[in-house]
1. For the subset of the range 57-92 comprising residues that are over 27 Å from Thr234 (Cα atoms) and open to solvent by 10 Å² or more (accessible area, probe 1.4 Å), which member is nearest to the ligand (Cβ to nearest atom)?
2. Being part of a loop (DSSP other than H, G, I, E, B), without any contact (Cβ under 8 Å) to a residue 24 or more places away in the chain and open to solvent by less than 20 Å² (accessible area, probe 1.4 Å), is that true of even one residue in the range 222-232?
3. Where in the range 107-206 are there strands (runs of 3 or more DSSP E), lying fully within it, with 1 or more residues that are out of contact with any Phe, Trp or Tyr (no Cβ under 8 Å at 6 or more places or on another chain) and either open to solvent by 40 Å² or more (accessible area, probe 1.4 Å) or assigned by TED's automatic domain parsing to the domain that holds Met50 (or both)?
4. Let me confirm something: among Leu54, Leu19, Leu39, which residue is away from the ligand (no atom under 15 Å from the Cβ) and within 16 Å of the chain's Cα centre (by Cα)?
5. Taking the conditions exactly as written (in a loop (DSSP other than H, G, I, E, B) and in contact (Cβ under 8 Å) with a residue 24 or more places away in the chain), does Ile235 satisfy them or not?
6. Only one of (1) touching a helix residue (DSSP H, G or I) at 6+ places or on another chain (Cβ under 9 Å); (2) touching a residue at least 24 places away in the same chain (Cβ under 8 Å) fails for Asp216. Which number is that?
7. List the pairs whose first member sits in the range 174-194 and is free of Cβ contacts under 8 Å to residues at least 60 places away in the same chain, whose second member is acidic (Asp, Glu), and whose Cβ atoms are under 9 Å apart, counting only residues at least 6 apart or on separate chains?
8. Is at least one residue of the range 190-199 acidic (Asp, Glu) and modelled with pLDDT of 95 or more?
Amino acid sequence: MKIPNDPFIGTHYIGKEELKAVKQVIKSKSLFRYHGPKLLYKTDEFEENMKKYLGVKYVLACSNGGSAIKLCCIANGIGPGDEVLMSPFTFIASASSVLACGAVPKFVDIDEAMNIDPNEIEKNIGPNTKAILAIHMQGQPCDMTKIMKIAKKHNLIVIEDTAQAFGAQVGNKKAGTIGECGAFSLQAGKTITAGEGGFIATNNPKIYELAKMYHDNGGYRVGSNYPTWEKGNTIFGENFKITELQSAIANEQLKKIDKILQHQKDNYDYLIERIDKNFYKIRPNISDGKLVHSSIAIIFNNQEECERFIKYMNDNGIGFNIYCSNLINQFDTFKYKNSWHKSKFPYNISNYQETKCPKAQSLFRRVAWFSLSSSLKRKHLKYIIQKLEEYKNEF
Ligand SMILES: Cc1ncc(COP(=O)(O)O)c(C=O)c1O
């Protein structure tokens with residue numbers, strides 16, 4: 001049986017609502033968020049709806065999740081000379097966005113849930129540490145209570161990389177709304193999507209204003225007027241603006257969020273209830289809240305067992321795999337401080353230091369992940385359980 005094997009969650013919900021919204025924008029011939037012949041203000045609408053959903057004062061839509069992280073860093077004054085603590089068990093964009101501000105990541109080991117380990121954070125705080133990037137890996141929030149406590153004690157900024165966890169909760173707060181600001185992605189594999197896109201969420205008006213300026217070439221824009229770069233507080237910036245087409249799609253996707261999250265949870269629960277937990281060790285849920293069930297992760301004793309399991313599953317059409325080719329601190333980008341510039345910017349300015357992350361190193365190649373595609377049907381789930389049973393009996 002061919003088992004759906006894709007990480008596209010929101011993508012599978014794209015339907016007639018998104019099509020209608022996109023057609024409206026096309027007909028309006030107003031694809032730019034700030035003005036056009038008959039602007040529909042889809043981006044403003046998306047930001048308003050997202051503020052309500054997240055329970056925050058400010059949301060700024062932008063071009064993607066990476067630019068959202070960069071905007072969070074910039075709006076918090078993170079730049080050359082600064083270090084940002086983060087886990088190496090993530091997608092490289094979490095670190096690239098920090099490098100793009102002239103700061104460098106300092107990689108900190110992970111906890112059993114495969115998020116940054118709060119107990120390792122304090123050991124890694126140095127004179128240049130400015131912030132913690134709490135990356136909520138594969139739908140499970142970091143231990144935000146401990147992280148916020150440490151940040152307060154050491155006067156550090158907390159930015160939440162919520163690209164993989166939109167819709168998750170910590171206590172009664174939405175992931176991405178606990179630190180100074182949260183960065184989110186609308187890329188095709190995320191809980192809701194516009195193909196590409198992103199947004200930031202914050203309760204701090206200064207962070208919002210600065211991020212808004214930076215994302216609009218550093219200018220100061222009132223309403224839909226042309227921006228000025230002459231007001232005293234304008235800065236240099238880049239163009240990280242979202243389009244009306246993306247916002248129109250994201251708006252429709254947001255209306256479907258409860259249904260999307262419930263479907264992911266139902267599929268996850270179906271599998272978890274039937275997997276023999278005496279044989280299979282599942283990624284533990286140590287967070288105090290609700291997860292986004294984007295994947296299922298099985299932990300093995302060693303790499304050989306994990307590889308044998310992955311091969312068996314792949315041979316049977318089930319796409320388990322390790323998370324990605326390497327931990328990001330092992331990529332050449334960091335090992336050799338590779339940069340487009342001969343000065344090795346920004347490693348030269350911010351003094352990137354290699355750190356050891358033995359738990360991440362040990363876990364990385366012995367965890368088998370399976371993305372819970374939202375197109376999985378009950379028959380697929382039954383088949384997966386059957387193959388898990390067969391594997392267990394064979395080995
Ligand atoms: C943890 C994490 N951070 C950041 C990003 C970057 O998001 P985007 O692809 O929208 O730039 C991703 C995207 O996959 C991600 O998984």
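1. Taking the range 57-92 first, the residues over 27 Å from Thr234 (Cα atoms) are 85-92.
Imposing the further condition that a residue be open to solvent by 10 Å² or more (accessible area, probe 1.4 Å) reduces the set to 91-92.
On the way: Phe91: 4, Ile92: 8 Å.
This residue is Phe91.
2. Looking through the range 222-232, at least one residue is part of a loop (DSSP other than H, G, I, E, B), without any contact (Cβ under 8 Å) to a residue 24 or more places away in the chain and open to solvent by less than 20 Å² (accessible area, probe 1.4 Å).
3. Working: elements: 129-135, 157-161, 181-185, 198-202.
The qualifying strands (runs of 3 or more DSSP E) are 129-135, 157-161, 181-185.
4. Working: Leu19 fails: within 16 Å of the chain's Cα centre (by Cα); Leu39 fails: within 16 Å of the chain's Cα centre (by Cα).
Leu54 is the lone residue from the list that is away from the ligand (no atom under 15 Å from the Cβ) and within 16 Å of the chain's Cα centre (by Cα).
5. yes
6. (1)
7. Listed pairs, sorted by first residue: Ile178/Glu160; Gly179/Glu160; Ala194/Glu18.
8. Of all residues in the range 190-199, those acidic (Asp, Glu) come to 196.
Among the residues that remain, those that are also modelled with pLDDT of 95 or more are: 196.
Within the range 190-199 (the criterion being acidic (Asp, Glu) and modelled with pLDDT of 95 or more), the answer is yes, since at least one residue qualifies.
The values are calculated or read from the model by the stated rules, or taken from the named source; none is laboratory data. Just so we're clear, the structure is a prediction, and the values are computed from it rather than from any experiment. When we count neighbours, we look across all protein chains shown, and the Cβ atoms used for this are built from the backbone with ideal geometry, even at glycine. For accessibility, only protein heavy atoms count, side chains too; no ligands or nucleic acids. Shrake-Rupley method; radii C 1.70, N 1.55, O 1.52, S 1.80 Å.
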